[in-house]
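The values are calculated or read from the model by the stated rules, or taken from the named source; none is laboratory data. From a predicted model like this one, the values you see are computed outputs, not experimental measurements. Virtual Cβ from ideal backbone geometry, glycine too; neighbours counted across all protein chains shown. Ligands, DNA and RNA are stripped out before the accessible areas are found, and what is left, the full protein with its side chains, is counted by its heavy atoms. Shrake-Rupley method; radii C 1.70, N 1.55, O 1.52, S 1.80 Å.
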Amino acid sequence: MRRLGLTAVLAFVLALFGFAPGASAAEPAPAALAFATDGATTTPGGTVKLSMTITNNKTYDIWFVYQTIDPTWLTTQRPDLKYSFTGCSLATVAGDTPCSGTGPSNLGGNYGATIPPGQSRTVTLTLRIAADSGCNGNIGFYSYFYAEFGDKTNTSGGPVYTPETRVLCA
């Protein structure tokens, strides 16, 4: 009983002087990567637009972005599933511009960094399904990203998974 009283007094003193741990809301990630598609299904010979948006949640500019995109393991296990990325564009205020990076394996340069605080950049890839592709298979991708900020900090995240698209037979 004596120890319990001593513990209660100590906790009261710590809280009184502000040394007790306080509850706080979770901070948003410094940079967030999100995916969207313009359709949930397609057919052999069709296309799907895969959009990736990176958002700067910090109070400093993003100076540099590096991002990879790779098919999920289940996607690689379908030998009859045939697809390729056939286009890439960056959404800007003046309209879409062609990507400037090296393509879908390294998308970082395509975001047009510098990205100011609170702003986002969206890169859209066109995924073309071959006319002779197998049907009833899911196509999914995962991504890792790395961003450097103006305050000399960095963040990395992943794997981040894209929405899956199902190839339906025509």
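Below are the figures for this structure:
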item	result
Odd one out for Leu50, checked against (1) out of contact with any strand residue (DSSP E or B) (no Cβ under 9 Å at 6 or more places or on another chain); (2) of a type outside the set (Ser, Thr, Tyr); (3) modelled with pLDDT of 90 or more	(1)
From the options Arg166, Arg121, residue that is under 24 Å from Gly95 (Cα atoms), out of contact with any Pro (no Cβ under 9 Å at 6 or more places or on another chain) and of a type outside the set (Ser, Thr, Tyr)	Arg121
Verdict on Ala25 being modelled with pLDDT under 90, surrounded by 13 or more Cβ atoms within 10 Å (Cβ to Cβ), out of contact with any helix residue (DSSP H, G or I) (no Cβ under 6 Å at 6 or more places or on another chain) and of a type in the set (Gly, Ala, Ser)	no
Residue within segment 93-106 that is of a type outside the set (Val, Ile, Thr), open to solvent by 20 Å² or more (accessible area, probe 1.4 Å) and touching a residue at least 40 places away in the same chain (Cβ under 8 Å) present	yes
Residue tally, condition surrounded by fewer than 16 Cβ atoms within 10 Å (Cβ to Cβ) and outside any loop (DSSP other than H, G, I, E, B), over segment 65-84	5
Residue in segment 33-49 that is within 26 Å of Asp151 (Cα to Cα) and not aliphatic (A, V, I, L, M) present	no
Within segment 131-140, tally of residues that are loosely packed, with under 15 Cβ neighbours inside 10 Å and aliphatic (A, V, I, L, M)	1
Residue list for segment 141-170, filter: within 14 Å of the chain's Cα centre (by Cα), of a type in the set (Gly, Ala, Ser) and either surrounded by fewer than 16 Cβ atoms within 10 Å (Cβ to Cβ) or at positive phi (or both)	Ser156, Gly158
Pairs where the first residue, in segment 38-60, is of a type in the set (A, V, I, L, M, F, W, C) and the second is buried (at least 16 other Cβ atoms within 10 Å of the Cβ) and in a loop (DSSP other than H, G, I, E, B), C-beta under 6 Å, 6+ apart	none
From Tyr60, Tyr66, Tyr83, residue being under 18 Å from the mean Cα position of the chain (by Cα) and either on the phi > 0 side of the Ramachandran plot or aromatic (Phe, Trp, Tyr) (or both)	Tyr66
Residue match in segment 100-107 (condition: in a strand (DSSP E or B) and either modelled with pLDDT of 85 or more or out of contact with any strand residue (DSSP E or B) (no Cβ under 9 Å at 6 or more places or on another chain) (or both))	no
